[in-house]
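Below is one structure, written out as structure tokens; the observations come after it.
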Number of protein chains: 2
Amino acid sequence: MKTRNNNSALVSFEELKCFIRNILVQAGLPGDDADKVATLMARADLQGSDGHGVIRLPQYVKRIRAGGINTKPDIKVVRERAAMAVVDGDNAMGHLAVSYAAELAIEKARQTGVAWVGTRRSNHAGPASLYAGMPIKHGMIGVYFAVGNANHLPPWGGAEMLLSTNPIAIGVPAGKEAPIVLDMATTVAAYGKVKAKAKRGEMMPEGWMIDRQGRPLLDPNRADEGFLLPIGGHKGYGLALMVGILAGRLHGAAMGRDVVDFNKDHTTPTNTGQAILAIDLAAFGDPALFAAEIDSLIQDIRNSEKLPGTERIWLPGEQSHARRLEYQRSGIPISGGVVRELSILADELKVEPLRGVEDTR
Amino acid sequence: MKTRNNNSALVSFEELKCFIRNILVQAGLPGDDADKVATLMARADLQGSDGHGVIRLPQYVKRIRAGGINTKPDIKVVRERAAMAVVDGDNAMGHLAVSYAAELAIEKARQTGVAWVGTRRSNHAGPASLYAGMPIKHGMIGVYFAVGNANHLPPWGGAEMLLSTNPIAIGVPAGKEAPIVLDMATTVAAYGKVKAKAKRGEMMPEGWMIDRQGRPLLDPNRADEGFLLPIGGHKGYGLALMVGILAGRLHGAAMGRDVVDFNKDHTTPTNTGQAILAIDLAAFGDPALFAAEIDSLIQDIRNSEKLPGTERIWLPGEQSHARRLEYQRSGIPISGGVVRELSILADELKVEPLRGVEDTR
């Protein structure tokens, strides 16, 4: 574990979830919706996706109170064929629109073998892995694409930020092993990680961002003076562009110049787009055999020869899985800066603050 | 244009296609099949995918003559639901198995909106972009995944090559503009590019490969002493792994330790897996509107502000498109080394050699 800042706290999943729920209800969300969003947000923190969990709550509340989120949305299907649908999120909290899309994709894939459900008029929905993981317990592979909620990436060779960190996540069921869950921004670092660095008062490593002169940018508080860098240079640019088209443009959601920077603008609907592809393993063969093969693959990789200096070879999602188990036992660490910000929010909304216990590790 | 080697030739698409067809027929392929494969191989060279075109012909012939390819295959569907199928390639030339899969995916997507067709017992099929591009003229987006035909990539931190360059390709129709076609290995360089460097007698840039001590490896003739590097470090490893699962393991095709190195073993069936996802734009909205929006997106990107030193911002596939137009006009350049190798092959198989004209550019 990294060293935590002073005054960081350890909170249980239940306490964190209830806190988020209470805040969202006070901000105007119906109880059931608040519950759903709070569960997903607390799950983000539980797996260590700390750029996408409770750290986003003040921003979400600001947007809700400014009228930038519809708290009584009518989420519905607007285009449909047997193996696809487009869901209009009616400017709901993204967690609600994407959960709806994922559930529908799973239901459709059960019939047709694979199904694609996309969203338009959705919003930021937290870590991609939450949604790519949803088909797993139904015996399906999940593939998730999303348009990021602020443009931080220029085309390769460009200086105008027309693209976002547009993430890809893929969840694959295993047998006795934990599922393999890849969750990656198409940039070297996700913007949520830049924000988390800023909140923790840490500098960024070289290679995450450059400034407008192409020089390395290390201070996360100066993030708006530069751009994120794509993985693999022009390849990451191409991938971010394609994810933007598949998650956004295809469904009539914002992409390119239309993307609203939700860090700066709290009222304009973001018209966020996401896509989830569910692949029913039972259509392809015996799911139990597939699970056993994935277990062997995991073990082959984990036990394979290491480069000098490597302690352990990890599978995608394995570290999040380990963190989830650890945090379930000992509590989820919330940094001092975030605790303080949440206390102010709790005060404002007259909600019982997060207590937790002091993190003395 | 780069400077060409001595004795390189310029050949027309038609001449190249006929030459490949004649060789394949002499090697034992039926005329129709030889024609299909030759067309796709010549198209690879026509778009400048020179690691995947006629350069592969000697290797294909060696494999066919060694009995490693079935020249009279029964390609058929072995698993099927409305929006998916698994195609058994019966150890055919990969070009035939994947074309079959792409055509079926397009047909299915017309009904269900999206469709996924995967292959098992297929073989190396040339550049991924050829297949991702097939749905385009049917008003569809194509997404293509493949398991590479030799493992050159260890897991992140590992020294055993359990993964391949497993490519991703995505083709998106535009209106007046050329389609956007991304074709990327999940490694910094595809192995085909390493081979092309070797044939051209050029060194590799740093960052393509490392040796077993983790030092940069620059000589493409020493490629088997080292590993390819994944894009974005652990991210590219995760992506290569997931593409391997989606294209291979899902369909009962080879992946991980099962992968046969087709550069060294010419007889064992490779059991190659590929996947093609067709997305019918008409299911999602008005395809003409989509095409116009993609045109605007392309123009926004092309005309956006450039970093100092950038001459032009390219869209994925735009350089291949430009090359295709140029090579259609002035001929396809084939390097001297490849021309000589093909002459030997033509001699052996009693086929009229490639003539072309001397490349004096």
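Taking chain B as a Gaussian network of alpha-carbon nodes connected by springs under 10 Å, the highest mean-square fluctuation of the residues B:Lys193, B:Lys176, B:Lys72 belongs to B:Lys176.
The alpha carbons of segment B:87-152 occupy a box of 35, 22, 15 Å along the principal axes, longest dimension given first. Over chain B, with a Gaussian network built from C-alpha contacts below 10 Å, which listed residue (B:Leu46, B:Leu315, B:Leu104) shows the highest mean-square fluctuation? Highest fluctuation of the listed residues: B:Leu315. Please report the spacing between the Cα centers of segment B:318-340 and segment B:278-299 in Å, no decimals. One Cα centre to the other: 30 Å.
For a straight C-alpha distance cut-off of 27 angstrom, the lysines reachable from A:Lys199 (same-chain residues fewer than eight places away being disregarded) are A:Lys2, A:Lys17, A:Lys36, A:Lys62, A:Lys264, A:Lys350, B:Lys235. Spin-label pair B:Gln59-A:Glu341: with each label point 7 Å from Cα along the Cα-Cβ axis, the two points sit 5.1 nm from one another. A label point on A:Gly67, set 7 Å along the Cα-to-Cβ line, lies at 7.9 nm from each of its counterparts in the other copies, closest listed first. The ranking of B:Val25, B:Val143 by Cβ neighbour count inside 10 Å, starting from the fewest, reads B:Val25, B:Val143.
Given an 8 Å cut-off on Cα distances and at least 6 residues of separation, report the relative contact order of segment B:45-110 as a percent.
23 percent
A Cβ-based charge dipole, computed about the Cα centre of chain A with Lys and Arg at +1 and Asp and Glu at -1, lands at about 420 debye.
Of all chain A C-beta atoms, the nearest to the rotation axis linking A with B is recorded, alongside its rounded Å distance, as A:Ala83, 2.
About its Cα centre, segment B:104-186 has a charge dipole of approximately 320 debye under the convention of +1 per Lys or Arg Cβ and -1 per Asp or Glu Cβ, with nothing else charged. Taking all Cα pairs closer than 8 Å and separated by 6 or more residues, the relative contact order of chain B comes to 25 percent.
Comment: the Cα-to-Cβ extended label point of B:Glu311, at 7 Å, lies 4.9 nm from its counterparts in the other copies, nearest first. The residues B:Val147, B:Val87, when put in order of fewest to most other Cβ atoms within 10 Å, stand as B:Val87, B:Val147. Checking the a/c ratio against 1.5 first, then a/b against b/c, what shape does the Cα gyration tensor give for chain A? Here chain A falls in the rounded category.
Once the convex hull of all Cα atoms in the protein assembly as shown is built, its volume per residue stands at 142 Å³.
The GluC sites (Glu not before Pro) of segment B:200-282 that DSSP puts in a loop, and whose beta carbon has at most 15 other beta carbons within 10 Å, are B:Glu202, B:Glu206.
When chain B is treated as a Gaussian network with alpha carbon springs shorter than 10 Å, the biggest mean-square fluctuation among B:Ala292, B:Ala247, B:Ala174 belongs to B:Ala292. With label points set 7 Å from Cα along Cα→Cβ, the inter-copy distances at B:Glu225 are 4.5 nm, sorted shortest first.
Among the GluC sites (Glu not before Pro) in segment A:281-361, those placed in a DSSP loop whose Cβ has at most 10 other Cβ atoms within 10 Å are A:Glu311.
The aspartates and glutamates within cross-link reach of A:Lys72, meaning a Cα-to-Cα straight distance under 13 Å and a gap of 8 or more places when in the same chain, are A:Asp32, A:Asp33, A:Asp90.
Taking label points 7 Å from Cα along the Cα-to-Cβ direction, B:Asp261 and A:Glu80 give a separation of 5.3 nm.
Here the relative contact order of segment B:103-206, from alpha carbon pairs under 8 Å that lie six or more residues apart, stands at 20 percent.
Report, in deg cm²/dmol and to the nearest 500, the calculated mean residue ellipticity at 222 nm for the protein assembly as shown, where each DSSP H run with n ≥ 4 adds -39500 (n - 2.57) and the sum is divided by the residue count.
Details: 22 runs with 268 residues, N = 722.
Roughly -11500 deg cm²/dmol at 222 nm, from the helical runs in the protein assembly as shown.
For an R0 of 56 angstrom, estimate the FRET efficiency from the Cβ-Cβ distance between A:Glu358 and B:Glu311 and round to the nearest 0.05. With a Förster radius of 56 Å, E is 0.45. Exposure proxy shown here: for A:Ile313, A:Ile245, A:Ile75, the number of other Cβ atoms within 10 Å sets the order, fewest to most, as A:Ile75, A:Ile313, A:Ile245.
Within a straight-line Cα-Cα reach of under 15 Å, B:Lys306 can be paired with the following aspartates and glutamates, leaving aside sequence neighbours fewer than 8 residues apart in one chain: A:Glu160, A:Asp211.
Quick note: the coordinates plus some simple rules give every number you see, no bench work behind them. None of these values were measured; they are calculated from a predicted model. Cβ: placed from backbone, ideal geometry, glycine included. Neighbour counts: every protein chain shown.
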